[in-house]
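**Q** Quick one: the structure is below, and I'll ask about it shortly.
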Amino acid sequence: MCLRLLQKHGHTRLPCYIAGKNGKILFHHGSHVLPNSNAHFLGERPEPLYSVEFMSDDLWHDAKSGDSVIVDCWESYLLSAND
C-alpha cells in the first residue's frame, strides 16, 4: 500500500514526507472525523483511521536502517497495491 499525495491547498493531516511511500498497516482505529473536511466546515465525514508503519530509511537517505515511523492515516490517504 502507498499513500496518495493530496493537493497542497487546504487543511490536511498527511505529512508530505510519507506521500507516495510504501507502508504497512498495523492497526485499524475505527472511524473518526476527517479533519480535512471538518476544518473547512464541510461536515465531519468520518472515515476509517489506520496506524501505518514506514521504514525510516525509505523516508530519509541518512536514517538508521531498521528504524521505523508510525503515522495515523485516514482511509482517503491510502492507495492499495492494485491502484
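**Q** Does the range 26-43 hold any residues that are closer than 21 Å to C16 by Cβ and in a loop (DSSP other than H, G, I, E, B), and which are they?
**A** Residues satisfying the conditions are L34, A39, H40.
**Q** Every residue in the range 73-83 that is modelled with pLDDT of 85 or more and either of a type in the set (S, T, Y) or in contact with a His (Cβ under 7 Å, 6 or more places away or on another chain) (or both), please.
**A** S76, Y77
**Q** Then there's this: How many residues does the range 18-42 hold that are at pLDDT below 90, open to solvent by less than 30 Å² (accessible area, probe 1.4 Å) and of a type in the set (G, A, S)?
**A** 2
**Q** Just name the residue that is modelled with the highest pLDDT out of those in the range 44-66 that are within 16 Å of R13 (Cα to Cα) and part of a loop (DSSP other than H, G, I, E, B).
**A** P46
The values are calculated or read from the model by the stated rules, or taken from the named source; none is laboratory data. Everything numeric here is computed off the predicted structure, so don't read it as measured data. When we count neighbours, we look across all protein chains shown, and the Cβ atoms used for this are built from the backbone with ideal geometry, even at glycine. Ligands, DNA and RNA are stripped out before the accessible areas are found, and what is left, the full protein with its side chains, is counted by its heavy atoms. Shrake-Rupley method; radii C 1.70, N 1.55, O 1.52, S 1.80 Å.
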